[in-house]
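One structure below.
The values are calculated or read from the model by the stated rules, or taken from the named source; none is laboratory data. Quick caveat: nothing in here was measured; it's all calculated off a predicted structure. Positions of Cβ are generated from backbone atoms using ideal geometry, with glycine treated the same way; all protein chains shown enter the neighbour counts.
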Amino acid sequence: MLGGRKSSFSVTGATTLISRETVVVGDLHFTGNLDIEGLVQGNIIAKDGKDALVRVVDKGCVEGEIRSPCVLINGQVKGDVHSSQHLELAARGRVQGNVFYTLLEMAAGSEVNGSLTHVIDGDDSGDKDKPGAVAPELVESGQRDSP
């Protein structure tokens, strides 16, 4: 599904599929696996304290924010992405928004049009004044201090 390489992470539980010709308008709250091949116009939010994985496949598109422990993107996201555990951007993955991550994998060809912010201990609030947080403008300019 994602360029011949199997994803390095998975989540147990039920799988919800948004198929290619499907358009969902509104926010989605979920647990388990969520595979998006169609269009979601709204925010995608994993329930707190539950394992969750969002996969946006090559023709899939999300127009809204994603908040999930594990996220794999090989399609298009127009909004911020918050991943508290593992974020993988595959070769055809495109994000137009800010990315907040703990662990990030980016394949050659993937694209982020926004800031990349490393978060510590799942604190993805984006508050640059908190200890351990990195201001996005410092990441973009390459002037960040190593923690």
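Figures for the structure shown
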item: Candidates H82, H86, filtered to the one that is in contact (Cβ under 8 Å) with a residue 60 or more places away in the chain and within 21 Å of V11 (Cβ to Cβ); result: H86
item: Filter result (in a strand (DSSP E or B) and either within 14 Å of C70 (Cβ to Cβ) or in contact with a Lys or Arg (Cβ under 6 Å, 6 or more places away or on another chain) (or both)) within region 100-120; result: F100, Y101, L104, E105, E111
item: Within region 28-75, tally of residues that are in a loop (DSSP other than H, G, I, E, B) and touching a Ser or Thr at 6+ places or on another chain (Cβ under 8 Å); result: 5
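Here's the yes/no breakdown for (1) at pLDDT 95 or above; (2) under 18 Å from T117 (Cβ atoms); (3) surrounded by fewer than 19 Cβ atoms within 10 Å (Cβ to Cβ); (4) of a type in the set (A, V, I, L, M):
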{"position": "Q41", "(1), (2), (3), (4)": "yes, no, yes, no"}
{"position": "L53", "(1), (2), (3), (4)": "yes, no, no, yes"}
{"position": "V56", "(1), (2), (3), (4)": "yes, no, no, yes"}
{"position": "E63", "(1), (2), (3), (4)": "yes, no, yes, no"}
{"position": "I66", "(1), (2), (3), (4)": "yes, yes, no, yes"}
{"position": "C70", "(1), (2), (3), (4)": "yes, yes, no, no"}
{"position": "G75", "(1), (2), (3), (4)": "yes, no, no, no"}
{"position": "D80", "(1), (2), (3), (4)": "yes, yes, no, no"}
